[in-house]
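Colleague: Quick one: the structure is below, questions incoming.
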Amino acid sequence: MKRQIAAILFVGTVFGAVAQKVPFCDTSRPDRMIEVGLDVGVGISSMLQNMNTAVPEVSDFSFTSGCMTSFGVTAEMPVRNYFAIGTALNFNINNYSYNMVILHQEGRTLNSIVSQSHFYNLDVPVFFDFRFNLGNKVRWHNEVGGYLSFGAGGNTKTRSYVSSTNALGQSQVTEIYYKRDYFNDSQSVINGVNSLDWGLHLATGIVACRHVMLKAVMHVGARDLACNYGVLKIENHTLNLSFKAGYVF
């Protein structure tokens, strides 16, 4: 019974805060010149790419998005209560992988490639924040802007398994292991990756009681990050989605 009463009181408090009459779009002057927040997030690190069509004779290809962990600090300058200009500095830990099977029918060889990437980057979004009141203590934030990203290290581990048939009809299997720098490596197995990125920053979320922040953030890369050193024409574009929780001071 005590738990039921506590749950009813909690729900009543939340709905009571939302139900209080405040303007949805508050055009009055803000009472603070700057707002600083700290946040931590988890999400999905991915890449829009064309390797399954750009690499010749690919018979099978699969790309797997990985986990992204983010730590950040945000600063916003409210112009009005409904509008602010903001920026942030985020440190991200990223992962993704892909598997590729290449079949050379004329040479009678089968090449299986398994690649895993683990890398770090710093991103700096600059955005406009449109704020709307959902209640006396709940504010809905919507961010639109762009971001710059700088590579901060990492590596790509690749295993290649080559199966072939010699002139005597005997099967042979060779395993090759590569470990390369993730950013700006001219000896990469398929393609290198530029360390500088930019693109679109989108976010939406809420701030409750002026301090507790929850939001979802998406980054869509506008720059082609692939460094092609051979005949291949690989294209890579960032696509990340993260969910963040933080505290606004």
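Colleague: Looking only at region 114-145, count how many residues are within 30 Å of ASN81 (Cβ to Cβ), surrounded by fewer than 15 Cβ atoms within 10 Å (Cβ to Cβ) and either under 13 Å from the mean Cα position of the chain (by Cα) or among the small types (Gly, Ala, Ser) (or both).
Modeller: Total satisfying the criteria: 0.
Colleague: So which residues in region 225-246 are open to solvent by 50 Å² or more (accessible area, probe 1.4 Å) and either over 21 Å from the mean Cα position of the chain (by Cα) or among the acidic types (Asp, Glu) (or both), if there are any at all?
Modeller: ASN228, TYR229, GLY230, VAL231, LYS233, GLU235
Colleague: Now for a separate question. Of these, SER70, SER163, which one is within 17 Å of the chain's Cα centre (by Cα), hydroxyl-bearing (Ser, Thr, Tyr) and open to solvent by less than 60 Å² (accessible area, probe 1.4 Å)?
Modeller: So the residue among SER70, SER163 that is within 17 Å of the chain's Cα centre (by Cα), hydroxyl-bearing (Ser, Thr, Tyr) and open to solvent by less than 60 Å² (accessible area, probe 1.4 Å) is SER70.
Colleague: What pairs come out if I take residues in region 15-42 that are part of a loop (DSSP other than H, G, I, E, B) and open to solvent by 90 Å² or more (accessible area, probe 1.4 Å) and pair them with residues that are of a type in the set (Phe, Trp, Tyr) and modelled with pLDDT of 95 or more whose C-beta lies under 6 Å away, six or more apart or interchain?
Modeller: Final answer for the pair search is PHE24/PHE132.
Colleague: Among the candidates TYR147, TYR161, TYR182, which residue alone is among the hydroxyl-bearing types (Ser, Thr, Tyr), more than 26 Å from THR74 (Cα to Cα), modelled with pLDDT of 95 or more and out of contact with any helix residue (DSSP H, G or I) (no Cβ under 6 Å at 6 or more places or on another chain)? Outline the logic, then answer.
Modeller: Details: TYR147 fails: more than 26 Å from THR74 (Cα to Cα); TYR161 fails: modelled with pLDDT of 95 or more.
Exactly one residue qualifies, and that residue is TYR182.
Colleague: I'm trying to understand the selection: among the residues of region 178-207, which are part of a strand (DSSP E or B) and open to solvent by 30 Å² or more (accessible area, probe 1.4 Å)? Before you say what the answer is, go through the steps one by one.
Modeller: Taking region 178-207 and keeping what is part of a strand (DSSP E or B), we get 178-181, 183, 192-193, 196-207.
Once the filter is applied, which keeps residues that are part of a strand (DSSP E or B) and open to solvent by 30 Å² or more (accessible area, probe 1.4 Å), region 178-207 yields TYR178, LYS179, ARG180, ASP181, PHE183, LEU196, TRP198, LEU200, LEU202, THR204, ILE206.
The values are calculated or read from the model by the stated rules, or taken from the named source; none is laboratory data. Small disclaimer: the values here were computed from a predicted structure and weren't measured. Using ideal geometry, Cβ is built from the backbone for each residue, glycine included, and neighbour counts are taken over all protein chains shown. The accessibility values were calculated without ligands, DNA or RNA, using every heavy atom of the protein model including side chains. Shrake-Rupley method; radii C 1.70, N 1.55, O 1.52, S 1.80 Å.
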